[in-house]
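As structure tokens, the structure follows; a few thoughts come after it.
Each value in this text was obtained by applying a stated rule to the coordinates, not by laboratory testing. This structure is a prediction, so every number in the text was calculated from the model and none was measured. Heads up, the Cβs are rebuilt from the backbone with ideal geometry, glycines too, and the neighbour counts pull from every protein chain shown.
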Amino acid sequence: MAHTSAAAQPDGELVARCRAGDTEAWNELVERFSRYVFAIATQAFRLAQHDAEDVFQDVFAKVYERLGTLRSDDAIRPWIGQLTRNRCLDQLRASGRVVPVAEIEERAEEVIDSIDEALAVREGLEHLSPECREILDRFFARDETYRTIGESLSLPAGTIASRISRCLARLRDELAS
Amino acid sequence: MTTYDEQRLGEVLRRLPPAPAGWVEAAKELPRARVELDAIVERAERDAAFRATVMGGLEDALRASGVEPRPVVVEHLRKRLA
């Protein structure tokens with residue numbers, strides 16, 4: 001997700017901490033952008049799991065190595081997006097198959113637009129309670145059942161649907177404000 | 001500004017499932033892996049026999065240093081020793 005908690009640092013500050021060698025900041029950066037890289041590789045470029053893993057690891061290795069070359073710390077998200085796009089195309093070209101690059105890129109851009117929208121919506125989650133964030137993430141992003149969510153959070157399964165509805169309404173209000 | 005109803009919000013949230021936990025943990029390990037790689041490369045530059053051993057088994061050399069020999073790490077080590 002773009003940010004992981006209500007107290008999440010702005011991207012620029014997080015990048016500055018990473019550049020200073022703060023390993024905890026690096027962990028936060030990986031958490032913050034892991035879904036983004038994963039979604040681009042698997043949804044926009046439809047890479048097979050093993051290819052997506054190569055891309056994922058290589059993108060974060062490049063981010064780690066080249067963080068010092070980033071012109072603006074606040075530009076980390078589009079930079080990671082572009083690194084991922086380029087790496088996915090390299091992976092497709094290396095597959096040995098004939099790759100209609102222009103066609104794939106065009107389709108991928110549409111999907112990436114929708115992934116960017118999802119990132120923006122997830123940022124709205126930061127302003128909700130930890131319980132709402134957890135329930136919405138488990139139900140929608142992790143595809144967990146009411147029962148699993150109830151067991152994990154020690155809540156009656158019968159109350160999960162109403163909590164999801166209430167949390168979605170809060171998220172909607174947050175995004176509208 | 002986009003307005004969302006609850007159904008659409010749910011659809012949008014589904015677009016960002018978590019990456020596999022092992023991938024995320026491996027990416028978090030990069031700073032530590034870098035330190036271990038630096039140590040391997042530095043020793044290989046000083047010790048020809050060690051270098052030959054490493055070149056003969058990059059994965060084993062990484063494992064011996066406590067680094068998971070993922071393809072991207074192996075490739076990185078190969079390039080640095082080339």
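Report, to the nearest 10°, how far helix A:23-39 tilts away from the longest principal axis of the Cα atoms in chain A, using its own Cα long axis and a range of 0 to 90°.
80
Given labels modelled 7 Å from the Cα in the Cβ direction, how far is it in nm from A:Thr159 to A:Glu103?
5.3
Post the alpha-carbon centroid distance, segment B:1-19 to segment A:132-151, in whole angstrom.
Computed from Cα coordinates, the inter-centre distance equals 14 Å.
Classify the protein assembly as shown: rounded, prolate or oblate, from the alpha-carbon gyration tensor (a ≥ b ≥ c, eigenvalue square roots; a/c under 1.5 rounded; otherwise prolate if a/b is larger than b/c)?
Here the protein assembly as shown falls in the prolate category.
Take chain A, connect every pair of alpha-carbon atoms lying under 10 Å apart with a spring to form a Gaussian network, then pick out the residue of A:Gly124, A:Gly12, A:Gly81 with the largest mean-square fluctuation.
With Cα springs under 10 Å in chain A, the top fluctuation among A:Gly124, A:Gly12, A:Gly81 is at A:Gly12.
What ranking do A:His50, B:His76, A:His127 get, fewest neighbouring Cβ atoms within 10 angstrom at the top?
Ordered by Cβ neighbours within 10 Å, fewest first: A:His50, A:His127, B:His76.
Can you tell me, using C-alpha contacts under 8 Å and at least 6 residues apart, the relative contact order of chain B as a whole percent?
23
Roughly what would the spin-label model give for A:Ala169 and A:Thr69, points 7 Å off Cα along C-beta, in nm?
5.1
Given a cut-off of under 8 Å on Cα pairs at least six residues apart, what relative contact order in percent is computed for chain A?
The normalised contact order for chain A reaches 25 percent.
Rank these for me by crowding, A:Glu106, A:Glu174, B:Glu29, going from fewest to most other beta carbons within 10 Å.
Sorted ascending by nearby Cβ count, the order is A:Glu106, A:Glu174, B:Glu29.
Which loop-located trypsin sites (Lys or Arg not before Pro) does segment A:9-83 contain, where loop means any DSSP state but H, G, I, E or B and the Cβ has at most 13 other Cβ atoms within 10 Å?
Sites meeting the loop and neighbour criteria: A:Arg71.
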